[in-house]
1. In segment 319-342, which residues are touching a helix residue (DSSP H, G or I) at 6+ places or on another chain (Cβ under 9 Å) and either surrounded by fewer than 19 Cβ atoms within 10 Å (Cβ to Cβ) or not in a strand (DSSP E or B) (or both)?
2. Go through S76, S53 for me and flag whichever is without any contact (Cβ under 8 Å) to a residue 40 or more places away in the chain, on the phi < 0 side of the Ramachandran plot and not in a helix (DSSP H, G or I).
3. If you go through segment 85-102 one residue at a time, do you hit one that is of a type outside the set (V, I, T), at pLDDT 90 or above and assigned to a helix (DSSP H, G or I)?
Amino acid sequence: MKKSIVLEVKNGAYDEYGIHKKICSIVTSSHSTFTICLCSTLRELDLSSYYMSDGRKVTKPIKRILLEHYPKNIVSEVFPKICKEIGELYSPKYNLKAYWGKKELLGSGEYEGRQTCFRDDGENHTSRLFLEAYKRTRCLVLEREGTGDGARCIVYFVGGRNIKLTNFYYNGIKQNYRLFVEALRMLINIPKVSFKEIDDDIGLPIYLNGDGVLVHDDRSFEWPFVRRFPCPHCGRVVNESKMLHSEDASTHYIGCCKDCLGDHEVHGSCDHCEDDIETEDDAHWVEADNQQYCERCYSRYVRSCSHCGYETANHDDWKIINGNYYCETCCRTCDECGTAMPNNDRIELNSGTYCRDCVTTCSDCHEDFLNNDINDNGRCAECEEKLAGEEDSEDESEDAE
């Protein structure tokens, strides 16, 4: 992820949403024979930038459309005036510097040009606390070189290669959100990007006024999990549906429950079944899952490793030995028979790991050997040879006498 880039703005439309209507008005008013029926054809063009994706000016396809319907001499007569008026709808070419700003400076005037409602005594103090605590949000800043003009927005990495932009603030840049999208694409190296406006609530506890854009590339997929947010007051992570809204304006989230807002002592809700947890004794926080469980879900789904005590509800790859659960770190498989065994019950032998059923201790030298290396008398091959050698030496001494 790059820290900053220089973005060349190639004459974007001042008003992207109204650009089609304005160009239609310019074209139809330039000559009495030009009818409004041309507008439906013009709407099929992407007129958001003066230079199109293939490098042509937007006036090129407009002229082609006119020549398909009207005589060449009429089009040639009025088209220079059309080009001049259309050109005035787009900003001049300039450079922007895009970089990641500091969330703690939002509202201070550093990026906005003046203090905004994010100041400490403002209405969105809670949202500011949220931004400072939430690691998956970033502040994206644009600065127009040599002018002091700028803009900023909040970038929210929601998962699934989907990214949400919200809370746009412009300071002297008469551009639209395409600048933020293009800057983000270059900063995080997305080769191909598409985007759409978010009609419903953005889902990010800053503003819920529909001021948002969903950005994704061609590898995006729908995020399958429930979105969870940390409460700015107590820090607990709760489901989006459990966050409380402002009672006066419904513009931002204010916390996870009324008790939290009062004395910051909160029991919250179960992240699995979403039921409220009424007592503190029934609340179980599982660090590995970053989730809170009620007593019922904790006993039903969470398991603790019998060796190290590590607990999680995601224990599908764990081993069950004699009714006890062992995590992957605390469990090994015998190299001889493949049986699972806890670390405290394994035997290291000849650079291998074996269970006790596959290892026998020699009755004479008391060394551990694999079963295949022990004879029927419970002696290892090494001891048998040694003992046989001792008997031979005793026979020789008796013969000498």
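The values are calculated or read from the model by the stated rules, or taken from the named source; none is laboratory data. These figures come from a predicted structure and were not determined experimentally. Cβ placement follows ideal geometry from the backbone for every residue including glycine, while neighbour counts extend to all protein chains displayed.
1. Just the residues of segment 319-342 that are touching a helix residue (DSSP H, G or I) at 6+ places or on another chain (Cβ under 9 Å), to begin with: 321, 326, 329-332, 334-337, 339, 341.
Passing the criteria: I321, T329, C330, C334, D335, E336, C337, T339.
2. Details: S76 fails: not in a helix (DSSP H, G or I).
One residue alone meets the criteria, S53.
3. Within segment 85-102 (the criterion being of a type outside the set (V, I, T), at pLDDT 90 or above and assigned to a helix (DSSP H, G or I)), the answer is yes, since at least one residue qualifies.
Listed here are the residues, each with its yes/no results for (1) closer than 27 Å to G235 by Cα; (2) touching a Ser or Thr at 6+ places or on another chain (Cβ under 7 Å); (3) not in a loop (DSSP other than H, G, I, E, B).
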{"residue": "D281", "(1), (2), (3)": "yes, no, yes"}
{"residue": "R300", "(1), (2), (3)": "yes, no, yes"}
{"residue": "D317", "(1), (2), (3)": "no, no, no"}
{"residue": "T353", "(1), (2), (3)": "no, no, yes"}
{"residue": "S363", "(1), (2), (3)": "no, no, no"}
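Here is a yes/no grid of residues against (1) among the acidic types (D, E); (2) over 30 Å from G235 (Cβ atoms); (3) in the same structural domain as C380 (by TED's automatic domain parsing):
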residue	(1), (2), (3)
Y310	no, no, no
C327	no, no, no
C331	no, yes, no
D335	yes, yes, no
A340	no, yes, no
